[in-house]
Structures are given as structure tokens and as C-alpha cells.
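Notes follow the structure.
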Amino acid sequence: MKDPTHELHRSSSRPGPAAGNAASGFNRRDFFKGAGASAAATALATSVAEANQAAAPVVVGPGMSKIKLDVNGESREVAVEPRMTLLEALRYGCGLTGAKPVSIDGSSGASTVWIDGKLAAANTTLVMDCVGKKIRTVESLGGSKPDAVCSAFLHNDAMQCGFCTPGFVVAVRDFLDKHPDASEAEIRAGLNGNLCRCGTYANVIMAALEVVKGGK
Ligand code: FES
């Protein structure tokens with residue numbers, strides 16, 4: 001016969017710290033391990049969520065959004081749609097109408113501007129690709145002290161309707177900055193990315209040669 005006192009004593013005895021509960025297979029060590037893993041998982045999930053948030057691209061559009069453009073050394077806030085070209089943003093957002101919409105593929109050269117110091121067709125460049133870049137337009141060559149190229153175009157009557165002229169002025173300035181002693185043949189070759197429907201090529205070349213002779 002079983003001793004009931006003995007049974008009572010066994011059931012009321014408390015297990016030691018490391019003894020565990022043999023019946024449930026779970027002890028405090030397991031509990032603390034689980035709690036630690038849970039906290040680590042929560043921290044990891046939080047840091048992953050924060051990293052995803054930081055890496056998430058900024059969504060612009062499809063409607064109008066305000067962006068900042070660096071144009072002729074000034075920071076300009078412009079409202080644009082993501083589909084807009086740099087030419088549209090310059091003309092309708094900044095009021096800079098020098099660069100012209102002559103050809104839809106940029107082949108006329110009439111919308112020529114500088115982007116980070118390189119010539120580019122503003123009408124085939126998306127404005128969103130210009131954020132953070134330095135844009136320079138033909139207007140930067142004007143003002144109270146116009147650039148020598150602008151003056152030479154006037155002296156040599158190098159324009160008729162004028163639609164191609166801003167693009168030519170930018171192209172001449174860029175070419176002569178790189179080739180200040182260019183010959184006539186070199187100038188002709190160097191400007192072959194610009195077209196003039198009025199046919200003022202001879203006068204444009206004369207204007208460029210005047211700048212070369214003047215050393216400007
Ligand atoms: Fe008219 Fe050149 S002056 S297109």
C-alpha cells in the first residue's frame with residue numbers, strides 16, 4: 001500500500017532553479033531563452049522596417065510636384081509632372097525661353113543647354129533626371145555684359161528668324177571654350193549638331209571666327 005504522506009510530499013516539492021518541470025518539458029532557462037529570441041526578432045524586424053523605409057524611393061507624380069533645379073547658379077523651385085522635359089520646365093516653370101522647341105528629337109540643336117558642363121538637348125531630357133545637376137542655359141551668356149559670342153552674332157548678323165540662334169550661341173561658346181584657336185574648318189565640323197532652317201551658317205561661322213580672333 002502506498003504511503004499518502006509520501007505522495008503529498010512529492011507533489012508539493014518545488015523543483016530547483018535548473019531542475020525544470022519534467023512533466024511539461026519547460027523550465028525557466030527555456031523561458032529566458034525564448035524571451036531573448038523574441039526581443040531579438042522584434043529588434044531585427046524594426047531595424048529591417050526602418051532600413052526599408054530609408055531605402056524606399058521617393059514617389060513623385062503622377063500629378064504636379066515641386067522640385068528644385070540648379071539653373072544658372074540659382075536654386076529654382078519648379079512645379080513639374082514626371083513626364084516633363086527639361087525644356088518645358090525651363091520655359092514654363094522658370095520663364096527661361098532661350099532654348100527653343102524646334103525638333104522633337106533634339107536634332108535641330110535649338111534646345112541646347114549645359115548639364116553638368118556637357119551639352120545636352122533639353123527637349124529630350126527628362127526634368128527629373130536633372131535634379132541635383134547644374135543646368136546652364138543661353139541666358140547665362142547675356143545680361144549687361146554679354147558674352148563675346150552674343151556680341152559677335154550681332155556684329156555678323158548671324159540670325160534671321162532666330163529660332164536656332166540660342167542653340168548656336170551655346171554650341172559656339174562650348175566649342176570655342178574647348179578649341180580657342182579653332183580654324184574655320186574645325187568650327188564648321190564642331191557645329192554640325194545644330195541646324196538653321198534660314199541658312200545663316202556663313203554668318204554663324206564668321207561670328208565664331210571673330211571670337212577666335214578676339215581671343216575670347
Ligand atoms: Fe531661322 Fe536659323 S535663323 S532657323
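The values are calculated or read from the model by the stated rules, or taken from the named source; none is laboratory data. Owing to the predicted nature of the structure, the values given are computational and were not obtained by experimental measurement. Please note: Cβ atoms are built from the backbone with ideal geometry, for glycine as well, and neighbour counts cover all protein chains shown.
Out of E184, E139, I need the residue that is among the charged types (D, E, K, R) and in contact with a helix residue (DSSP H, G or I) (Cβ under 8 Å, 6 or more places away or on another chain). Which one?
Values: E139 fails: in contact with a helix residue (DSSP H, G or I) (Cβ under 8 Å, 6 or more places away or on another chain).
That would be E184, the only listed residue that is among the charged types (D, E, K, R) and in contact with a helix residue (DSSP H, G or I) (Cβ under 8 Å, 6 or more places away or on another chain).
Within the stretch 148-160, being surrounded by fewer than 14 Cβ atoms within 10 Å (Cβ to Cβ) and either within 13 Å of the ligand (Cβ to nearest atom) or assigned to a loop (DSSP other than H, G, I, E, B) (or both) holds for one residue alone: D157.
Scanning the stretch 161-210 for residues that are without any contact (Cβ under 8 Å) to a residue 40 or more places away in the chain, buried (at least 19 other Cβ atoms within 10 Å of the Cβ), assigned to a helix (DSSP H, G or I) and within 12 Å of the ligand (Cβ to nearest atom) gives T165, V169. Could you check, for the stretch 131-147, whether at least one of its residues is within 16 Å of the ligand (Cβ to nearest atom), within 30 Å of P57 (Cβ to Cβ) and assigned by TED's automatic domain parsing to the domain that holds T85? Taking every residue of the stretch 131-147 in turn, none turns out to be within 16 Å of the ligand (Cβ to nearest atom), within 30 Å of P57 (Cβ to Cβ) and assigned by TED's automatic domain parsing to the domain that holds T85.
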